[in-house]
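A quick write-up on the structure given underneath.
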Amino acid sequence: MSKKVLFIDRDGTLVIEPPQDYQLDSLEKLEFYPKVFQYMAKIAMELDFELVMVTNQDGLGTKSFPEDTFWPAQNKIITAFEKEGVVFSEVHIDKTFPHENAQTRKPRTGLLTKYFSENYDLKNSFVLGDRITDMELAKNLGAKGIYLSKNTELGADEIASLKQEIIDCIALTSSDWSTIYEFLKLKDRVAEITRKTNETEIYSKVNLDGSGKNNINTGLSFFDHMLDQIGRHGAMDLTINVKGDLEVDEHHTIEDTMIALGELFNKALGSKLGIERYGFCLPMDDCLAQVAVDFGGRNWLEWEVEFKREKIGDMPTEMFFHLFKSFTDGAKCNLNIKAEGLNEHHKIEGIFKAFAKAMKMAVKRDSNKMFLPSTKGML
């Protein structure tokens, strides 16, 4: 199995960079970030990353930065981490000078060519650092970036732009290593599926740990509106694009979309470690909607809802039972849905909102309880 790597910058990430000359050339200047040992030890013990240190040391070996002033502090850093169970498999130090065209200097990858092999899973690896060059290194490696934005090197707009270029580039603060640990342990659960049949062509993507940003187009406006409720009230990012045979009717589009959405949830949940598993009841004006879910690995739907109209918007009401049944088949979950009220629009919208809240509750994780919520040993 290919290995994931956590490429870690040294100065400004593990140890505080000297503010005057930026050279850590004495033990007196050596200062570690708070909680770095505690959480680096947890990363080393609990997570499946190979740890690799990558650092640029400008002018190392010159008169202004002799090597005999560098190594005492460097060796102290490595020894201190080893005593806490943190072992770097490799330490890559670029000291070329001048360095304008050096292929070994970050963000170039000259020191890291061994990782471009089938032995390493760079797509799911991370570069952790406090400089733009660290994020550019992530891009050049095809990895993900964690930018420690303790300074003003990047503004909000620049970070947003960077996120578009680098997969999962996020901005954290290096003043609290617990944040870094929790992100790596509970990294966003993202999945995507393309489903193509003779009747529909569907692309769907979800980030279960998103913020309700949706891009939905099924060709059915009311269905789009209901799916948007799932993303917004479930605090997850949804992309759903569907080309269906609406010239026949809406059945295949609705059915296949919900099968795909269920499969998407099942894929994004992965091992299901640490999830709450269960989850909601909410009012909407005259209506009361209840949706209970169990991501227990078995599909089932209980449905206690009646509609007195043939259609709501451009959706036949007979399809509402069927679409939730399709979801349970794809997601391998139980759903128990009840709703009562007078206004049919409120009734189904209340159901979708309760469904979204149930999803949000059930997929929530606790980094301190990363075990399977089951006595069976599997879900």
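With the simple model of a label 7 Å out from the Cα in the direction of the Cβ, Lys364 to Ser211 spans 2.0 nm.
Backbone geometry of the stretch 134-148 corresponds, through the Karplus equation with coefficients 6.51, -1.76 and 1.60 at θ = phi - 60°, to 3J(HN,Hα) couplings of 5, 6, 5, 4, 4, 4, 5, 7, x, 9, 9, x, 10, 8, 8 Hz, x marking Gly and Pro. Within the chain, DSSP assigns beta bridges of which about 50% are antiparallel (rounded to the nearest 5). A DSSP coil position with no more than 16 other Cβ atoms inside 10 Å describes the following chymotrypsin sites (Phe, Trp or Tyr not before Pro) in the stretch 85-149: Phe116. Within the stretch 219-277, the GluC sites (Glu not before Pro) that combine a DSSP coil assignment with at most 11 other C-beta atoms in a 10 angstrom radius are Glu247. Measuring against 24 Å, Cα to Cα, the residue pairs Lys243/Lys357; Lys187/Lys360; Lys272/Lys347; Lys272/Lys357 contain Lys243/Lys357; Lys272/Lys347 as the ones spanning a longer distance.
For trypsin sites (Lys or Arg not before Pro), no site in the stretch 216-271 is both called loop by DSSP and has at most 14 other Cβ atoms within 10 Å. Ranked by the mean number of other Cβ atoms within 10 Å of their residues, highest first, the peptides 128-139, 302-313 come out as 128-139, 302-313.
What does the C-alpha gyration tensor say about the overall shape of the stretch 219-331? Classify as rounded when a/c is under 1.5, otherwise prolate if a/b is larger than b/c, or oblate. The shape class here is oblate.
With a simple spin-label model that places each label point 7 Å from the Cα along the Cα-to-Cβ direction, the separation between Arg232 and Lys267 comes to 2.6 nm. If I model the chain as equal point scatterers sitting on the Cα atoms and use the Debye formula, what is log10 I(q)/I(0) at q = 0.07 Å⁻¹? So the normalised log intensities are -0.42. The calculated FRET efficiency for the pair Met45 and Val91, based on their C-beta separation and a Förster distance of 22 Å, comes to about 0.65. The distance from the alpha carbon centre of the stretch 297-354 to that of the stretch 214-271 is 14 Å, rounded to a whole number. Only aspartates and glutamates eight or more places from Lys338 in sequence, or on another chain, were considered; those with a Cα closer than 13 Å are Glu302, Glu304, Glu306, Glu349.
Remark: the stretch 340-356, residue by residue, has Karplus-estimated 3J(HN,Hα) of 9, x, 9, 8, 5, 5, 4, 4, 6, 5, x, 4, 5, 5, 5, 4, 4 Hz, where x stands for each Gly or Pro and the curve is 6.51 cos²θ - 1.76 cosθ + 1.60 at θ = phi - 60°. Rounded to the nearest 5, the antiparallel percentage of DSSP beta bridges internal to the stretch 4-185 is 10%.
Here the calculated FRET efficiency for Lys123 and Lys35, from their Cβ-Cβ distance with R0 = 22 Å, stands at 0.15, rounded to the nearest 0.05.
Among the listed pairs Lys325/Lys353; Lys185/Lys325; Lys35/Lys205; Lys42/Lys376; Lys123/Lys185, those with a Cα-Cα distance over 25 Å are Lys185/Lys325; Lys35/Lys205; Lys42/Lys376.
Coordinate-derived values only; no laboratory data. Quick caveat, the model's predicted, so the values are computed rather than measured. Note that each Cβ is placed from the backbone with ideal geometry, even for glycine, and that neighbours are counted across all protein chains shown.
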